[in-house]
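To start, the structure itself, in structure tokens.
The values are calculated or read from the model by the stated rules, or taken from the named source; none is laboratory data. The model shown is predicted, which means the values in this text are computed figures rather than measured ones. Don't worry about glycine lacking a Cβ; one is built from the backbone with ideal geometry, like all the others, and counts go over all protein chains shown.
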Amino acid sequence: MSGRARSERGLFERTVDGMRQAMERATSAEAGATAAGWMQRLDPRVKLAAVLALVAAVALSHRLDVIAALLAAGIAMAVTSRVPLSALASGVSLAAGAFAVALAAPALVLTPGRAVAVVPVAGWVVTAQGLMSACYLVLRAAAASTFGFLLVFTTPWAHVLKALRAFHVPVLFVAVLAMTYRYILLLLDSAHDMFVARRSRTVGRLTAATRRRLVAQSAGALLVKSLNMGNDVFLAMQARGYRGEVRVLDDFTMARTDWFALAAAAILAAVAVWVGR
Amino acid sequence: MNVFDLRSVTYRFNRVVALDGLTMAVPAGTRVALLGANGSGKSTLLRVLAGLYFPESGRVEFRGEPLTESRFADDEFAHGFRRRVGLVFQNPDVQLFNATVFDEVAFGPLQLGWAAGDVRARVTDALDRFRLSDLKDRVPQRLSGGEKKRVALASVLVMDPEVLLLDEPTDALDPRSQSQVIDLLTEWTAGSKSVITATHHLGILEEIADHCVVLDRGRVVAERSPAGLLSDEDLLDRTNLIHAHRHRHDGAHVHSHPHRHGL
């Protein structure tokens, strides 16, 4: 992207575009969720339970090397399951990047402790403890999102939803999740079109106040669109017999490899929590 | 026997009246076109007929049975009705939410509780009939407009409903895709099916309908055969289905008169 084009787009617009690209890759990758790979062959309930256990281990671990090891394990699982690494990297970098901007960056200067550097111009003091907190936040976000994307890339979405119901997650929550995932891409497309349409009618640079007002108006318009679309999607599902419970073609059955994978994930999570305590 | 009977049906979106005391009947086995300008109430009427909206007053009956919200609380009734009445939305994007085209077409039969073997056989047959077999593993959201429309049609027709409700089936399609969709519908309705199509494209009228109902501001203002409607320029002009604009004939003479597009 050229510097000029980049300068014409605000942070909000760039973030929406980044999310759109990541979701597009995720949607395309999901079509390969039935591809031949060892994770793709596992029972979705096992994958869901394993991912939840490993994400919990990431959250409960207090050592950077243990979290890094879990992240490496997630990447290894992706490679051996033939998950497209570019799609995985794109999704993970977006999640970790959003975390870095929202939480890790402020933690650098807000956490009290020993000063290690000073931010030029602003004069803010970066502390060693702040640096450590930021590393934990970013690494945790990267590891947890790797496991999350791994589930999405190796399991058809309808199977993830059915597995959630197997764990007695409320129907309403599953239904909302089903529609949110599917339509977030359409909404991001709408947002992108809105930004392009606005840029095509804008001459010169806008003031910061005008840009903020446009962002607020765009967010409002998107909210209205998303409400209308959500309503129409629900009606379209109802019109084809949807009654709150997603039914899929395949019945889940536990094979020996599923039990083995479940045990392996449980042991890995337990060891990570124990070592990283 | 009528498939639908509507008496004095009124439906509002907040304060905006979408259907205003509408009365009409749809005899079984007929192909009805609902015509009207944007905002005339066509899409709302289809949603009322599909049991998705419930009128604030008036009565809607399907084969003599009232369609009320309380009737749809009963699973058996709801599944029976959804099996018999299919709705294809104007915007296929709201109708396509599965990971693959195969899953999309299988969604309806699965929600109706059909056996897995039966679902697979029906879906395979529908994909074949709609020339979608090559696309069965593709992500529906990433298809072209014409392909999306065919998937949306297949996802409803796979349940072989006795009544099909279509909201602007050829909207935003290129001429080839339009003709493909019309051919598929004509083939499917060759039997004793009832089809109610909302459209403002006069060009497809004679191919898709035996009877036309013209709506204006939520009311039925006329009922005609397709040929009778197309020859009534006053009515078409009054209901915004044709319009007057200035244009040039053979180079020199510029004038204004009611003009039909898409014919």
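Below are the figures for this structure:
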{"item": "Cβ-Cβ under 6 Å pairs, at least 6 apart or on other chains, the stretch B:47-70 side under 17 Å from B:Met1 (Cα atoms), far side in a loop (DSSP other than H, G, I, E, B) and small (Gly, Ala, Ser)", "result": "B:Leu67/B:Gly51"}
{"item": "Restricting the stretch A:251-277 to residues that are exposed (fewer than 12 other Cβ atoms within 10 Å of the Cβ) and not in a helix (DSSP H, G or I), the residue that is farthest from the other protein chains (Cβ to nearest Cβ)", "result": "A:Arg277"}
{"item": "Positions within the stretch B:165-176 being under 21 Å from B:Arg31 (Cα atoms) and in contact with a helix residue (DSSP H, G or I) (Cβ under 7 Å, 6 or more places away or on another chain), in sequence order", "result": "B:Leu165, B:Asp167, B:Pro169, B:Thr170"}
{"item": "Filter result for B:Gln95 (at pLDDT below 90 and under 24 Å from B:Thr189 (Cβ atoms))", "result": "yes"}
{"item": "Test: residue in the stretch A:199-207 that is away from chain B (no Cβ under 14 Å), at positive phi, out of contact with any Lys or Arg (no Cβ under 6 Å at 6 or more places or on another chain) and surrounded by fewer than 16 Cβ atoms within 10 Å (Cβ to Cβ)", "result": "yes"}
{"item": "Among residues of the stretch A:117-139, those that are closer than 12 Å to A:Leu103 by Cα and within 23 Å of the chain's Cα centre (by Cα), counted", "result": "6"}
{"item": "Entirely in the stretch B:4-108, the strands (runs of 3 or more DSSP E) that have 1 or more residues that are over 26 Å from A:Leu187 (Cα atoms) and within 9 Å of chain A (Cβ to nearest Cβ)", "result": "B:85-88"}
{"item": "Selected residue (only one of A:Ala98, A:Ala69, A:Ala104, A:Ala89 is hydrophobic (A, V, I, L, M, F, W, C), crowded, with 22+ Cβ neighbours inside 10 Å and either farther than 29 Å from B:Ala106 by Cα or without any contact (Cβ under 8 Å) to a residue 40 or more places away in the chain (or both))", "result": "A:Ala104"}
{"item": "Extreme residue, farthest from the other protein chains (Cβ to nearest Cβ), among residues of the stretch B:109-127 that are in contact with a Phe, Trp or Tyr (Cβ under 8 Å, 6 or more places away or on another chain) and either farther than 22 Å from B:Gly145 by Cα or surrounded by fewer than 20 Cβ atoms within 10 Å (Cβ to Cβ) (or both)", "result": "B:Arg122"}
{"item": "From the options A:Gly244, A:Gly220, residue that is surrounded by fewer than 16 Cβ atoms within 10 Å (Cβ to Cβ) and within 22 Å of A:Val160 (Cα to Cα)", "result": "A:Gly244"}
{"item": "Among residues of the stretch A:243-258, those that are touching a residue at least 40 places away in the same chain (Cβ under 8 Å) and over 27 Å from the mean Cα position of the chain (by Cα), counted", "result": "4"}
{"item": "Lone qualifier among A:Ala166, A:Ala128, A:Ala144, A:Ala158 - being surrounded by 21 or more Cβ atoms within 10 Å (Cβ to Cβ) and away from every other protein chain (no Cβ under 14 Å)", "result": "A:Ala144"}
